[in-house]
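Q: Let me give you the structure first, and then I'll get to my questions.
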Amino acid sequence: MRHLKTHFHPDITTLDNKKILQRLSTRSITTQGNRILLMYTERYEDYSLPGGGLDEGEDMIVGMMRELNEETGATGIQNIKPFGIYEEYRPWYKADYDVQHMISYCYTCEINETLGDSSLEDYEKGNGMKAVWIDIEEAIAHNQHTIATSGKQGMSIVRETYLLTLIAAQLNNNNHL
(Lines give C-alpha, C1' and ligand atoms only; values in the text may rest on other atoms or scores of the structure.)
Protein backbone atom coordinates (compact mmCIF):
# COMPACT_ATOMS: atom_id res chain seq x y z
CA MET A 1 0.00 0.00 0.00
CA ARG A 2 1.37 3.45 -0.84
CA HIS A 3 2.60 5.74 1.91
CA LEU A 4 0.64 9.01 1.86
CA LYS A 5 2.22 11.08 4.62
CA THR A 6 3.92 11.06 8.01
CA HIS A 7 2.66 13.87 10.26
CA PHE A 8 4.13 15.05 13.58
CA HIS A 9 1.86 16.88 16.02
CA PRO A 10 3.38 20.31 16.82
CA ASP A 11 4.00 19.20 20.43
CA ILE A 12 6.23 16.32 19.23
CA THR A 13 9.66 17.83 18.62
CA THR A 14 11.71 14.64 19.00
CA LEU A 15 11.23 10.92 19.40
CA ASP A 16 14.54 10.52 21.22
CA ASN A 17 14.14 8.82 24.62
CA LYS A 18 10.35 8.64 24.17
CA LYS A 19 8.18 5.63 24.99
CA ILE A 20 6.08 5.12 21.85
CA LEU A 21 2.74 3.32 21.69
CA GLN A 22 1.94 2.03 18.21
CA ARG A 23 -1.73 1.86 17.23
CA LEU A 24 -2.99 0.34 13.99
CA SER A 25 -6.23 1.65 12.58
CA THR A 26 -8.30 1.64 9.42
CA ARG A 27 -10.24 4.34 7.57
CA SER A 28 -13.03 3.72 5.03
CA ILE A 29 -13.55 5.81 1.93
CA THR A 30 -17.00 5.45 0.39
CA THR A 31 -18.24 7.87 -2.25
CA GLN A 32 -21.30 8.38 -4.43
CA GLY A 33 -20.50 11.00 -7.03
CA ASN A 34 -19.08 13.97 -5.09
CA ARG A 35 -20.70 12.84 -1.86
CA ILE A 36 -18.70 10.96 0.73
CA LEU A 37 -19.77 9.03 3.82
CA LEU A 38 -18.22 10.71 6.87
CA MET A 39 -18.63 10.93 10.60
CA TYR A 40 -19.55 14.35 11.95
CA THR A 41 -18.38 14.90 15.54
CA GLU A 42 -20.23 17.72 17.28
CA ARG A 43 -17.70 18.01 20.13
CA TYR A 44 -14.81 18.73 17.76
CA GLU A 45 -16.83 20.38 14.97
CA ASP A 46 -15.26 18.17 12.31
CA TYR A 47 -15.82 15.57 9.63
CA SER A 48 -13.76 12.38 9.56
CA LEU A 49 -13.63 9.12 7.68
CA PRO A 50 -15.32 6.20 9.42
CA GLY A 51 -12.75 4.01 11.10
CA GLY A 52 -10.85 3.22 14.23
CA GLY A 53 -8.38 0.98 15.97
CA LEU A 54 -7.83 -2.64 15.11
CA ASP A 55 -8.27 -5.24 17.80
CA GLU A 56 -5.17 -7.27 18.73
CA GLY A 57 -4.39 -9.65 15.85
CA GLU A 58 -7.39 -8.51 13.80
CA ASP A 59 -7.14 -8.66 10.01
CA MET A 60 -7.11 -5.16 8.50
CA ILE A 61 -9.97 -5.76 6.06
CA VAL A 62 -12.08 -7.43 8.75
CA GLY A 63 -11.36 -4.50 11.09
CA MET A 64 -12.17 -1.93 8.40
CA MET A 65 -15.50 -3.60 7.69
CA ARG A 66 -16.29 -3.89 11.41
CA GLU A 67 -15.53 -0.22 12.09
CA LEU A 68 -17.47 0.96 9.03
CA ASN A 69 -20.51 -1.09 10.03
CA GLU A 70 -20.34 -0.09 13.72
CA GLU A 71 -20.00 3.63 13.04
CA THR A 72 -22.33 4.04 10.05
CA GLY A 73 -24.54 0.95 9.86
CA ALA A 74 -23.11 0.28 6.38
CA THR A 75 -23.99 -3.07 4.81
CA GLY A 76 -23.08 -4.74 1.54
CA ILE A 77 -19.42 -3.70 1.92
CA GLN A 78 -17.60 -4.79 -1.23
CA ASN A 79 -14.98 -3.92 -3.85
CA ILE A 80 -12.44 -3.04 -1.12
CA LYS A 81 -9.20 -1.57 -2.47
CA PRO A 82 -6.14 -0.06 -0.74
CA PHE A 83 -5.89 3.74 -0.91
CA GLY A 84 -2.85 4.46 1.25
CA ILE A 85 -1.20 4.70 4.67
CA TYR A 86 -1.17 7.84 6.82
CA GLU A 87 1.21 7.85 9.81
CA GLU A 88 1.10 10.32 12.67
CA TYR A 89 2.94 10.92 15.91
CA ARG A 90 0.98 12.69 18.62
CA PRO A 91 1.10 13.17 22.37
CA TRP A 92 -0.14 10.28 24.49
CA TYR A 93 -2.26 11.20 27.49
CA LYS A 94 -1.48 8.30 29.84
CA ALA A 95 1.61 7.80 32.00
CA ASP A 96 2.78 4.55 30.37
CA TYR A 97 3.82 6.15 27.04
CA ASP A 98 4.91 9.58 25.80
CA VAL A 99 3.89 9.41 22.14
CA GLN A 100 1.27 7.57 20.13
CA HIS A 101 2.34 6.40 16.66
CA MET A 102 -0.94 5.97 14.78
CA ILE A 103 -0.81 4.12 11.47
CA SER A 104 -4.04 4.47 9.47
CA TYR A 105 -4.61 2.01 6.65
CA CYS A 106 -7.11 3.62 4.27
CA TYR A 107 -9.34 1.63 1.93
CA THR A 108 -11.94 2.54 -0.66
CA CYS A 109 -15.08 0.44 -0.82
CA GLU A 110 -18.66 0.35 -2.03
CA ILE A 111 -21.66 -0.07 0.26
CA ASN A 112 -25.43 -0.23 0.01
CA GLU A 113 -26.78 3.32 -0.32
CA THR A 114 -29.16 3.00 2.63
CA LEU A 115 -27.43 2.86 6.00
CA GLY A 116 -28.58 0.58 8.79
CA ASP A 117 -28.35 1.27 12.50
CA SER A 118 -24.96 2.19 13.89
CA SER A 119 -23.61 0.79 17.16
CA LEU A 120 -21.48 3.65 18.44
CA GLU A 121 -19.49 3.35 21.63
CA ASP A 122 -20.64 5.47 24.60
CA TYR A 123 -17.83 8.01 24.21
CA GLU A 124 -18.66 8.37 20.49
CA LYS A 125 -22.31 9.03 21.35
CA GLY A 126 -21.18 11.48 24.04
CA ASN A 127 -19.06 13.33 21.48
CA GLY A 128 -22.11 13.68 19.23
CA MET A 129 -20.86 11.48 16.40
CA LYS A 130 -23.18 10.67 13.52
CA ALA A 131 -22.79 9.28 10.01
CA VAL A 132 -23.62 11.69 7.17
CA TRP A 133 -23.43 11.76 3.41
CA ILE A 134 -21.96 15.15 2.47
CA ASP A 135 -20.41 16.87 -0.53
CA ILE A 136 -16.66 16.33 -0.13
CA GLU A 137 -15.77 19.96 -0.91
CA GLU A 138 -18.24 21.13 1.75
CA ALA A 139 -16.64 18.80 4.32
CA ILE A 140 -13.14 20.04 3.45
CA ALA A 141 -14.21 23.70 3.71
CA HIS A 142 -15.90 22.99 7.05
CA ASN A 143 -12.78 21.29 8.46
CA GLN A 144 -10.52 24.08 7.19
CA HIS A 145 -12.78 26.63 8.91
CA THR A 146 -12.65 24.60 12.15
CA ILE A 147 -8.83 24.43 11.95
CA ALA A 148 -8.67 28.22 11.46
CA THR A 149 -11.23 29.28 14.07
CA SER A 150 -12.04 26.63 16.68
CA GLY A 151 -10.29 25.88 19.94
CA LYS A 152 -12.34 22.67 20.25
CA GLN A 153 -10.68 20.78 17.41
CA GLY A 154 -9.37 17.27 18.02
CA MET A 155 -5.97 15.90 17.00
CA SER A 156 -7.35 13.98 14.01
CA ILE A 157 -8.63 16.96 11.99
CA VAL A 158 -5.29 17.55 10.24
CA ARG A 159 -5.18 13.90 9.11
CA GLU A 160 -8.80 13.90 8.03
CA THR A 161 -8.58 17.15 6.07
CA TYR A 162 -5.41 15.97 4.33
CA LEU A 163 -7.05 12.67 3.36
CA LEU A 164 -10.26 14.38 2.19
CA THR A 165 -8.21 16.74 0.02
CA LEU A 166 -6.39 13.77 -1.60
CA ILE A 167 -9.67 11.95 -2.16
CA ALA A 168 -11.31 15.05 -3.70
CA ALA A 169 -8.35 15.55 -6.06
CA GLN A 170 -8.60 11.95 -7.23
CA LEU A 171 -12.38 12.27 -7.68
CA ASN A 172 -11.91 15.47 -9.69
CA ASN A 173 -9.23 13.86 -11.89
CA ASN A 174 -10.84 10.47 -12.47
CA ASN A 175 -14.48 10.90 -11.40
CA HIS A 176 -13.97 7.76 -9.26
CA LEU A 177 -11.61 6.22 -6.73
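Q: What helices (runs of 4 or more DSSP H) completely inside the range 59-156 contain at least 1 residues that are among the polar types (S, T, N, Q), closer than 17 Å to R43 by Cα and without any contact (Cβ under 8 Å) to a residue 12 or more places away in the chain?
A: 136-149
Q: Does T30 meet the test of being in contact (Cβ under 8 Å) with a residue 40 or more places away in the chain, farther than 20 Å from L166 by Cα and of a type in the set (S, T, Y)?
A: no
Q: Across the range 33-58, what is the number of residues that are on the phi > 0 side of the Ramachandran plot and in contact (Cβ under 8 Å) with a residue 40 or more places away in the chain?
A: 2
Q: I've got another one for you. How many residues does the range 100-146 contain that are among the polar types (S, T, N, Q) and open to solvent by 30 Å² or more (accessible area, probe 1.4 Å)?
A: Counting residues in the range 100-146 that are among the polar types (S, T, N, Q) and open to solvent by 30 Å² or more (accessible area, probe 1.4 Å) gives 5.
Q: Can you find a residue in the range 11-25 that is in contact (Cβ under 8 Å) with a residue 24 or more places away in the chain, surrounded by 15 or more Cβ atoms within 10 Å (Cβ to Cβ) and touching a Ser or Thr at 6+ places or on another chain (Cβ under 7 Å)?
A: yes
Q: Could you list, in sequence order, all residues of the range 97-117 that are within 18 Å of L54 (Cα to Cα) and of a type in the set (G, A, S)?
A: Matches in the range 97-117: S104 only.
Q: Can you name every residue in the range 19-57 that is basic (K, R) and either at pLDDT below 95 or closer than 19 Å to A141 by Cα (or both)?
A: Selection gives R35, R43.
Q: Now a separate question. Report yes if E70 is open to solvent by 40 Å² or more (accessible area, probe 1.4 Å), touching a Leu at 6+ places or on another chain (Cβ under 9 Å) and of a type in the set (D, E), otherwise no.
A: Against the criterion (open to solvent by 40 Å² or more (accessible area, probe 1.4 Å), touching a Leu at 6+ places or on another chain (Cβ under 9 Å) and of a type in the set (D, E)), E70 qualifies.
The values are calculated or read from the model by the stated rules, or taken from the named source; none is laboratory data. All figures in this text were calculated on a predicted structure; none of them were measured in a lab. With ideal geometry, Cβ positions are generated from the backbone for all residues, glycine too; neighbour counts draw on all protein chains shown. Side chains are part of the model used for accessible areas, which takes the heavy atoms of the whole protein and leaves out ligands, DNA and RNA. Shrake-Rupley method; radii C 1.70, N 1.55, O 1.52, S 1.80 Å.
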